[in-house]
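Everything on this sheet refers to the single structure shown next.
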Amino acid sequence: MADVAAGKTGTRWRSRAGDRRSTRTLRLRTPVALLALTVLAVLLVPPLVRLDQQAVDLAAKLQAPTWAHPFGTDDVGRDLLLRCVYGLRVSLLVGVAAALTATVVGTAVGAAAGALGGWVDRSVMRVVDALSSVPHLLMGIFIVAMFRPGVWPVVASVALTHWLSTARIVRAEVLSLRARPHIDAAVSGGASRWRVTVRHLLPGVLPQAALAAVLMVPHAMWHESALSFLGLGLPTHTASLGNLVQEARGSLLAGHWWPTLFPGLFIIVPTLAVAGLAGAWRERINPRRRSELML
């Protein structure tokens, strides 16, 4: 009887372990599929759909989705599928460029503060605290307002307002690494502070910095969309997702839902995909937080 009970218990535990593995696999495959669809749309739709995304056709304005126009048309008859794909291209460019810039700046500042310590660390973190108290969108509006509308002012705006969180993460990781025995051994062996930072501390924080960069891409896309929606981001003739949503406001009030729905989905889907992949990545580099990620 005991052997039977033990067998049932073992089967139950194996079943639960299998369920957890299948859940993690599903949680990984879903964002991979969403991201693959996003990449395929950006790469394949323009050459397959042989239409000019700026072509105006007033006779076909505000048409509901059909086989000829799967996402419908906007208020001047332009194909919304092409407009969304080109808008996603621009938004991804802004998001990736801003995320990489912010990560480089935040990693440099956080590593310097954590490695040098003392008054440098205190001064840097006070500056970070002061800048963090200002809302990102407000600071971004101030930065963009000093330049003409364009891609690179928006990239600079997003990067200069989003390096703060990366600096905090990298500093905390550097302080944790400094307390480890191999760092003490390197210092005792006569290694300079610069050598310890470059050879031991920076490689240790790169996974966290890379994760922060990946998570920052959709956040930067949302930030760009908000600025463009307010009329302060990209030029109005540029097919960014924020501009598409801004242009669709009048159509939505008139009862035409598709000019707002599809650009919004093109913002939400990449965000969900990147968030899911980042969660799986975080689980891989820090398995102890697996229980938190399952919530």
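Tell me, yes or no, whether segment 257-271 has at least one residue that is assigned to a helix (DSSP H, G or I), over 22 Å from residue 79 (Cα atoms) and open to solvent by less than 50 Å² (accessible area, probe 1.4 Å).
Looking through segment 257-271, at least one residue is assigned to a helix (DSSP H, G or I), over 22 Å from residue 79 (Cα atoms) and open to solvent by less than 50 Å² (accessible area, probe 1.4 Å).
From the list 242, 231, exactly one residue is open to solvent by 10 Å² or more (accessible area, probe 1.4 Å) and farther than 20 Å from residue 36 by Cβ. Which is it?
None of the others qualify; the one that does is 231.
Check 68, 145, 115 and return the single one that is open to solvent by less than 60 Å² (accessible area, probe 1.4 Å) and of a type in the set (Gly, Ala, Ser).
115
Which of (1) buried (at least 20 other Cβ atoms within 10 Å of the Cβ); (2) closer than 23 Å to residue 273 by Cα is the odd one out, the single condition residue 226 does not satisfy?
Condition (1) is where residue 226 drops out.
Give me the helices (runs of 4 or more DSSP H) completely within segment 77-146, filtered to those with at least 3 residues that are more than 30 Å from residue 196 (Cα to Cα) and out of contact with any Lys or Arg (no Cβ under 8 Å at 6 or more places or on another chain), ordered by residue number.
80-116, 136-144
Step by step: first the residues of segment 54-65, then only those that are within 22 Å of residue 267 (Cα to Cα) and loosely packed, with under 14 Cβ neighbours inside 10 Å, then the one that is farthest from the chain's Cα centre (by Cα). Which residue is that?
64
Restricting attention to segment 163-174, does a residue exist that is in contact with a Ser or Thr (Cβ under 7 Å, 6 or more places away or on another chain), at pLDDT 85 or above and of a type outside the set (A, V, I, L, M, F, W, C)?
Yes, segment 163-174 has at least one match.
The values are calculated or read from the model by the stated rules, or taken from the named source; none is laboratory data. From a predicted model like this one, the values you see are computed outputs, not experimental measurements. Because the Cβ atoms are built from the backbone with ideal geometry, glycine has one as well, and the counts that use them run over all protein chains shown. These area figures cover heavy atoms from the full protein model, side chains too; ligands, DNA and RNA do not enter into them. Shrake-Rupley method; radii C 1.70, N 1.55, O 1.52, S 1.80 Å.
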